[in-house]
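Asker: Let me begin by handing over the structure; questions about it come next.
Bear in mind these aren't lab numbers, they're just calculated from the coordinates by the rules spelled out. These figures come from a predicted structure and were not determined experimentally. Note: ideal-geometry Cβ built from the backbone for every residue, glycine included; neighbour counts use all protein chains shown.
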Amino acid sequence: MRIKTTVLCLPVTNLEKTLAFYKAVFGMKDARIEEGMIALELPNLSLFLMEKEAYEAYSKKANRNALMPGSFAPAILSCALEAKEEVDEALVKAEAHGGESVGPGAMDSTSGGYIGYITDPDGHLWELVHPHGQ
């Protein structure tokens, strides 16, 4: 089997608020809402942020009930950033745009990288990493 592309679908409760967050924090200026979702093209991953009805319809195709976001984090989205300052900047922007910063950025004693955590307006958890030595 050869995978051509990978897509991750996540449910959101308010597309407008989610769109504003991802534009401000991740600089995705071209993102827009289409057919009940926001499609974000990341390196080697397409991220579909889907409103409740669209997400439920999608999950029913696989005979699964949709779990909507809340106080749980069923996945951690981790991405490497080019500079330590970008991690710190995202932590501040997250707070200003409806998300949360999960404490200040810090050096990770295991990997040696600089890591910060944020959540988007729906509680989806992002790990932002500036790898050691880069």
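Asker: Once amide H atoms are built 1.01 Å from N in the peptide plane, which residues 5 or more positions from C9, or in another chain, come under 5 Å H to H?
Answerer: F48
Asker: Further question: Output wanted: per-residue J couplings in Hz (rounded whole) for segment 26-31, from phi through Karplus 6.51 cos²θ - 1.76 cosθ + 1.60, θ = phi - 60°, x for Gly and Pro.
Answerer: So the J values, rounded to whole Hz, are 9, x, 8, 5, 8, 5.
Asker: Among the listed pairs K23/K84; K4/K60; K23/K60; K52/K84; K4/K84, which are separated by more than 26 Å between their Cα atoms?
Answerer: Distance filter (> 26 Å) returns K23/K60; K52/K84; K4/K84.
Asker: Here is a follow-up. Where the centroid of each part is defined by its Cα atoms, how far is segment 14-59 from segment 73-130 in Å?
Answerer: 19 Å
Asker: Based on DSSP H runs of at least 4 residues, each adding -39500 (n - 2.57), what is the mean residue ellipticity at 222 nm of the chain after dividing by all its residues, to the nearest 500 deg cm²/dmol?
Answerer: Details: 3 runs with 34 residues, N = 134.
Calculated at 222 nm, the ellipticity per residue is -7500 deg cm²/dmol.
Asker: Shifting gears a bit: Ranking request for peptides 12-18, 61-67: highest mean number of other beta-carbon atoms within 10 Å first, then the rest in descending order. Write down the numbers at each step before the final one.
Answerer: Values: 12-18: 17.7, 61-67: 9.0.
The packing order, highest mean first, is 12-18, 61-67.
Asker: Now for a different question. List the relative contact order of the chain as a percent without decimals, with contacts defined as Cα pairs under 8 Å and 6+ residues apart. Can you show the working numbers first?
Answerer: On the way: 248 pairs, mean separation 31.1, N = 134.
Across the chain, relative contact order equals 23 percent.
Asker: Where nothing but the Cβ of Lys and Arg (+1) and of Asp and Glu (-1) is charged, how large is the charge dipole of the chain around its Cα centre, in debye to the nearest 20?
Answerer: Numbers: 12 positive and 19 negative charges, 116 e Å.
Here the size comes out at about 560 debye.
Asker: Within 10 Å of each residue's Cβ, count the other Cβ atoms and sort M37, M1, M68 from fewest upward.
Answerer: Ordered from fewest to most neighbouring Cβ atoms within 10 Å, M37, M1, M68 come out as M1, M68, M37.
Asker: Another question, then. Report which label in (1) 56, 12, 11; (2) 21, 19, 16; (3) 26, 17, 14 holds the value of semi-axes √(5λ) of the Cα gyration tensor in Å derived from the coordinates of this structure.
Answerer: Identified label for the calculated read-out: (3).
Asker: Sort R32, R2 so that the residue with the fewest other Cβ atoms within 10 Å of its own Cβ comes first and the one with the most comes last. Each step should come with its number before you reach the end.
Answerer: Values: R32 11, R2 3.
Neighbour counts put them in this order, fewest first: R2, R32.
Asker: From the phi angles alone, apply the Karplus equation (6.51, -1.76, 1.60; θ = phi - 60°) to segment 79-96 and give each ³J(HN,Hα) in whole Hz, x where the residue is Gly or Pro.
Answerer: 9, 8, 10, 6, 9, 4, 5, 5, 4, 4, 5, 5, 4, 6, 5, 4, 4, 7
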